[in-house]
1. So the check is Cβ under 6 Å with 6+ separation or different chains; which pairs have a first residue in the range B:61-79 that's among the β-branched types (Val, Ile, Thr) and a second one that's buried (at least 20 other Cβ atoms within 10 Å of the Cβ)?
2. Name the single residue that is farthest from B:Phe219 (Cα to Cα) among those in the range B:268-283 being at the interface with chain A (Cβ under 7 Å from one of its Cβ atoms) and in contact with a Cys (Cβ under 7 Å, 6 or more places away or on another chain).
3. Can you tell me which residues in the range A:625-640 are surrounded by 15 or more Cβ atoms within 10 Å (Cβ to Cβ) and either among the acidic types (Asp, Glu) or closer than 23 Å to A:Ala561 by Cα (or both)?
4. State yes or no: is A:Ser709 polar (S, T, N, Q) and assigned to a loop (DSSP other than H, G, I, E, B)?
5. Which is buried (at least 24 other Cβ atoms within 10 Å of the Cβ), under 30 Å from the mean Cα position of the chain (by Cα) and in contact (Cβ under 8 Å) with a residue 24 or more places away in the chain, of A:Val514, A:Val489?
6. Does B:Ala12 qualify as being outside any strand (DSSP E or B), open to solvent by less than 50 Å² (accessible area, probe 1.4 Å), away from chain A (no Cβ under 14 Å) and of a type outside the set (D, E, K, R)?
7. Among the aliphatic types (A, V, I, L, M), outside any helix (DSSP H, G or I) and either touching an Asp or Glu at 6+ places or on another chain (Cβ under 6 Å) or not assigned by TED's automatic domain parsing to the domain that holds A:Val749 (or both): does that describe A:Ala585?
8. Open to solvent by less than 10 Å² (accessible area, probe 1.4 Å), at pLDDT 95 or above and within 18 Å of the chain's Cα centre (by Cα) - does that describe any residue in the range A:710-721?
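The values are calculated or read from the model by the stated rules, or taken from the named source; none is laboratory data. None of the values given here were measured: they were computed from a predicted structure. Here the Cβ positions follow ideal geometry from the backbone for every residue, glycine too, while neighbour counts run over all protein chains shown. Ligands, DNA and RNA are stripped out before the accessible areas are found, and what is left, the full protein with its side chains, is counted by its heavy atoms. Shrake-Rupley method; radii C 1.70, N 1.55, O 1.52, S 1.80 Å.
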Amino acid sequence: MSGDAPTRRSQTVALPAQPDVEGRGARIGEAAPRPDGLLKATGGFAYSSDLWAAGMLWGATVRSPHPHARIVRIDTAEALALPGVHAVLTHADVPGRKLHGAMVVDQPVLAMDTVRFHGEPVAVLAADHPATARRAAALVRVVYEVLPPLTDPDSALAPDAVRVQPQGNLVRHVRVRRGAAQRGELPHADVVVRGEYETGVQDQAFLSPESGMAVPAADGGVDLHVATQWIHVDHEQVAASLALPGEKVRVRLAGVGGAFGAREDLSMHVHACLLALRTDRPVKMCYSREESFLGHAHRHPARMTYEHGATREGKLVYVKADIILDGGAYASSSPAVTGTVATCSVGPYEVEHVRVDVRTVYTHNPPSGAMRGFGAVQTCFGYESQMDRLARALDLDPVEVRTRNAVRQGSVVANGQVLDHPAPVAELLGRLRAMPLPRQEAAPSGSATAALCMGTPVPGRVVRGVGFAAGLKNVGFVEGFDDYSTARVVLELHEGLPRVRVRTAAAEVGQGLVTLQAQIARTELDVETVLVEQGDSGFGDAGPTSSARQSYVTGGAVKAAAEAVRTRVLRRADELLAGAGQGPAAGVSRGAVVDGNGAVLLDLAKVLAEGAVAETVEWHHRPTRPLDDGTGQGDSVFQFAFSAHRAVVDVDVELGLVRVVALDCVQDVGRAMNPPALRGQLHGGSAQGLGLALMEEILLERGEVRTTSFTDYHLPTTADVPRMRTEILECADAHAPYGLRGAGEMPHVTSPAAVAAAVRDATGRALARLPVRPEDILGLHHRKEDPA
Amino acid sequence: MEFLLPRDRQEALELMAGRPGTVPVAGGTDVMVGWNMSRGLPARALDLSRLGHLSRRRYGEGRYRLGANTTYSTLTDELRGELPGLAAAAGAVGSRQIRNRGTLGGSLGSAWPAADAHPALLACRAEVELASVRGSRRVPVREFFSGPGRTAREGDELIEAVLLPRPEGPQLFTKVGRKAVATLATCSFAVALWPSTRQVLTGVGGADRPAPAAVAEAFLAGQLAAHGTWESGERLPDEVVRHFGELAAEGAVLGDDVRATAEYRRRALSVLARRSLAQAWENYRTERHRCA
């Protein structure tokens, strides 16, 4: 434990999933089983794709086969003539705002005169059967004048580059200038290491593709049931495009099968509503997997040039970096990702002099947007590759070089912000190194090691490697954005017993807020029965389920609302007790109001007999500030999170195949609210990172998506993911509710870099690109995509 | 689409005869995936699931006769001892769910160049039994794959069975893919030793079509004959094994695609062939000494 960290508790979490203790629901810090867990595991959970309504129609989308083309003409007559087809709509049928975008309003609801990426929606239609809808989609005749696409992000800013957007091809440029870099210089360093790194396009690959149902309402409005991460930002955009007042559009959360950022932008939302309002029938839209690959923004591919200068002792002197992100055709979350990349560009290390330029550009590739890690994944691969390079240049142990530079509480990070909460990076690494290493398995024949090919076991040349990575990322929204949350807590009598109802509009996408809200209410009010109700767009905003922020912000809102309820209950109790010589009321415990010594004053039921107590609270995290335009400095982040991984790999060096045999993770979470769910986040994030490191990639060829199925988009299976050791540190952040730290993103941030480092360690290859392909390990050349 | 549900063999063959272009469907792991992937459904499909004779298997006169509806799971669960090469290949197919549905006949009919069963069938001297109203015929699997995506099956024929002689020596199958399981082969290789005829037979997957590594086979046959290695049971010299691997890769028509470059396939194939031969020969020697 770093000396300056006010540690509340530090322990290894090893918890089997526990059933609810008889009659006693889980409080914070205890194992809370998911109410939807069994249903999801047994196939009984109703996802958004399971929605059904009498008389409903099925929507389908006509998409551009070209990355860049002018639309000459759209002829819908043939599709409309097909029996069973009820409507075919184009951009001309969008009554309101023809563009959408959660951050920048630049993406057409339906393409107008130009298509800018392969898969861009051009027309939508509704039919009485999904097969009819699919057939009709093939009958919509779109005449394109195909134009040359701009697909190389490096040439997007050239003066003669094709303009993807009218204002030019720069989405955002963030400059970080610290120390001497503010004067345009960088100091001398004894050792300088340079490297160029690249990451491919990763897909969120959630379980349940984009889907939802729009139901026309009697008031001329529409109810949209949809799987989303942020009800309110959807609501605002849908209402604007439909030209309806906000109250006539109701967005309700349908069963969400994973998100990982891919549900931050609109997909079928406006389309289904347009079709429902036109046909006056419920319209369901449900993307196929192939369509899903085309239908949402992916992780930004990055090209990064890093230069690290250090003293002979391995202390970092400066970091210089140039990072280009391919934003694709529309802005999506690119402006925010650019900022995150800049702020997280040097990692969890103390660096006095920093000169970093991050540019995100428009191209005719599919839009890039939010995905778990939000830019911090790419930079972690860059700076951690550099730390290993530095370790080699100085003949230092990779953990040692990191530990010498690790931030701690009080350190300053790239945006100039002083870490005013625990930052136990050195301890994360130390604990990882102390974990036992797995034993190497012998080949069936005894002498040699077992090859990693499939089929009959044969001996092969297999080499083991070990790699470490540490990283950081902001929790929640940044740069002055006030992503508050709203919670309503009601304490009432139900069949004579106290009961709590909690309501927020936060989206449960699988991450576990559904148990957390009940745990918090139980902790604050000590009442066993808690109902968690899903708020819709008519309820107060909860902000998005992204950036690992819901436990913090919506958790904070539920806590604050429960506290407000408790305060009122105590006041009411004092009024009831007035003159009885008891009190004052100091708390609630086991269904009773108690005094400061815990002695029962009166039953909660008596207090509540006068009526329920309800409080709605809008809760804000502490404010953040924008980044300075010239220097990228500013207290833009309300909390940073940290994790570290150690990967152990076996590499079949003749086949270029990798088997990860251990992927161990240590993370500081401030407070483990629901330990089994937390462990699930660590496992899942680590596995998703393993995917990026070794196999997951959307391949593009001159802007066209070549991998639209799980045949060629490789998701790791249980056979690819090893058993993982996880250790959880709980170094409380005094600014956060219960001291907690957002946890969901970090495991994905550091695992790719650790896996890559381990493969490097085994092979001695530079491996400058993720995912690492068998060709890279064998030193073979690649098919060059985009001759441009 | 037209969906045909014959109740017996005769009806099935008559339906096939009357409707050229009909696509037989067994487990549906290809046809249905195609549908989900928006490749569309065939205009006419003939469901083989009610034809009980296609699921039968028997052994007689030194050979196994496996009905076309034999699933990969059957091969891995019930025939691992009898047909180790084919069982190893079947075990490398997709996931357990796919192996429960996917069939030998379906694999042959679709003739995907990366299908796992094909190299093993090639090395294991399989014959394909085809039937139509015109009668039945047997085609050695080495002649069955007539070109990329093409087979010797006529439009009115059904694949009824696969015939495999009882193994005489080691049979191995190895495969490279991007994942540990549930993945298409980037390339694959099968080898089977036939001491009675002094043959080492092979099969290559992941090239333009499933094919034996004929040049490598011939080279090895020459080496073994010249040095009397079948008889002596000596170790194969490293350079012979290595050259066999190189020839196996050189003889295959390999392409670039989203899964790998042709260069990688060539490299990986040579490694698989080398390792497989080395292990197969080692097993043969060991077995021989034990018997002697």
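1. B:Thr70/B:Leu104; B:Thr71/B:Thr103; B:Thr76/B:Ala87; B:Thr76/B:Ala90; B:Thr76/B:Gly91
2. Just the residues of the range B:268-283 that are at the interface with chain A (Cβ under 7 Å from one of its Cβ atoms), to begin with: B:268, B:271-272, B:275-276, B:279.
Those still in the list that are in contact with a Cys (Cβ under 7 Å, 6 or more places away or on another chain) too: B:268, B:272.
Details: B:Ala268: 20, B:Leu272: 17 Å.
My answer is B:Ala268.
3. Those that are surrounded by 15 or more Cβ atoms within 10 Å (Cβ to Cβ) and either among the acidic types (Asp, Glu) or closer than 23 Å to A:Ala561 by Cα (or both): A:Asp628, A:Asp635, A:Phe638, A:Gln639.
4. yes
5. A:Val489
6. yes
7. Numbers: among the aliphatic types (A, V, I, L, M): yes; outside any helix (DSSP H, G or I): yes; either touching an Asp or Glu at 6+ places or on another chain (Cβ under 6 Å) or not assigned by TED's automatic domain parsing to the domain that holds A:Val749 (or both): yes.
The answer is yes for A:Ala585.
8. In the first step, residues of the range A:710-721 are kept if they are open to solvent by less than 10 Å² (accessible area, probe 1.4 Å); the result is A:713-714.
The next check asks that each one be at pLDDT 95 or above; those that pass are A:713-714.
Going one step further and asking which of them are within 18 Å of the chain's Cα centre (by Cα), we end up with none.
So far as the range A:710-721 goes, no, none of its residues is open to solvent by less than 10 Å² (accessible area, probe 1.4 Å), at pLDDT 95 or above and within 18 Å of the chain's Cα centre (by Cα).
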